1. With n ≥ 4 as the cut-off for DSSP H runs, can you work out [θ] at 222 nm for the chain, using -39500 (n - 2.57) per run divided by the number of residues, rounded to the nearest 500?
2. How long is the gain from residue 98 to residue 114 if the chain were fully straight, where each residue apart is worth 0.36 nm and the alpha carbon distance is subtracted?
3. Which of the peptides 58-66, 199-207 is most tightly packed, and how do the rest follow, going by the mean number of other Cβ atoms within 10 Å of each residue?
4. I want to check the label-to-label distance for residue 45 and residue 33. Put each point 7 Å from Cα in the C-beta direction and report it in nm to one decimal.
5. With θ set to phi - 60°, apply the Karplus curve 6.51 cos²θ - 1.76 cosθ + 1.60 along the stretch 74-84 and write out the HN-Hα couplings as whole Hz, x wherever there is a Gly or Pro.
6. Pop a pseudo-label 7 angstrom from the Cα along the beta-carbon direction at both residue 55 and residue 199 and give the gap in nm to one decimal.
7. Is the C-alpha gyration tensor of the stretch 15-237 telling us rounded, prolate or oblate? Criteria: a/c under 1.5 is rounded; beyond that, a/b larger than b/c is prolate, otherwise oblate.
8. Quick one: compute the contact order of the chain, relative version, from alpha carbon pairs under 8 angstrom and 6+ residues apart, as a percent.
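Readers should treat all values here as calculations from the given coordinates under stated rules, not as data from a laboratory. Computed from a predicted structure; not experimentally measured. Neighbour counts run over all protein chains shown; Cβ positions are idealised from the backbone, glycine included.
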Amino acid sequence: MRLLFSVWVFLLFSSASVCWCQETASPEGLRREAALPNRHRFVVEDIIKYCKPQKGFWVDLGAGRGQLTIPLVEAAENPVVMLDPDEPAMVAGLRIAREQGLEDRLFAVVGVAESLPFPDNSVDLLVSRGSIFFWDDPVKGLQEVYRVLRPGAPAYIGGGAGSGFPQEATDELIRMRVEQLEGSDAARWRRFVDLRCPKQMDQWAAEAGLPQYTVMGQGAISAGDPRVGQGVWLLFHKQQKK
Ligand SMILES: C[S@@+](CC[C@H](N)C(=O)[O-])C[C@H]1O[C@@H](n2cnc3c(N)ncnc32)[C@H](O)[C@@H]1O
């Protein structure tokens, strides 16, 4: 039976929690990156490969306009709930999904990672791309993700282009970022790169007390890990009850 066409927008919105994507990087630099091929569908391929998710309750955390959510619902026959503090972005995502005939598979909840409005042990897959670097408290956010996952369910959190992203485009992306590190906005780009590194991801995961996890990727200016290509990702599963 088709799902009802419904949108769940819970007004948990707080203007203080809105965090614009460009805060730690040069808007000009990011505009140049946007000219490269779209990266999200390659990340979806990695999600399916590494998470092997069961059907059920899927969440895209920090979904924005659904840049990752929409290719994910297209690739997998499962609805996805977007969660983000940026309500207008999600409204735009819902509109795009409707234009593509996906309105019965995409839903939206306004909220933040640090206080997920979901029950314990309820989520079958949680993905998050390009968002943890903007959370006020990434450690609390990871603890919340762990709380809401069902036992055995996976989370895939980080940022990057995906292992199948074309080599030429990967090289160009990294070249542009390295160039930014020398430019007039170098300090913000340094912060951008430093946040998106395996050491930082490992530190957040350890501080969150995740019992087991894998950090993949070598960061924002490397594609040295063929498992994920350019970027850095944290993969973990909630422990099964004994
Ligand atoms: C760079 S955008 C990523 C959008 C999309 N996931 C993508 O892959 O293109 C980062 C998103 O994280 C959201 N965000 C910022 N702080 C957040 C928080 N504390 N909890 C959840 N999402 C947050 C922002 O509103 C923004 O939509």
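1. Details: 8 runs with 86 residues, N = 242.
Value at 222 nm, helices only, nearest 500: -10500 deg cm²/dmol.
2. Details: separation 16, 0.36 × 16 = 5.76 nm, distance 2.89 nm.
Stretched out fully, the residue 98 to residue 114 stretch lengthens by 2.9 nm.
3. Values: 58-66: 24.9, 199-207: 17.0.
Going by the mean number of other Cβ atoms within 10 Å, highest first, we get 58-66, 199-207.
4. 2.0 nm
5. Karplus values, whole Hz, x for Gly and Pro: 5, 7, 10, 7, 8, x, 9, 9, 7, 10, 6.
6. Here the answer is 4.6 nm between the modelled labels.
7. On the way: a/c = 1.42, a/b = 1.28, b/c = 1.12.
Taking the square roots of the gyration eigenvalues as a ≥ b ≥ c, the stretch 15-237 is rounded.
8. Details: 486 pairs, mean separation 51.2, N = 242.
RCO, the chain: 21 percent.
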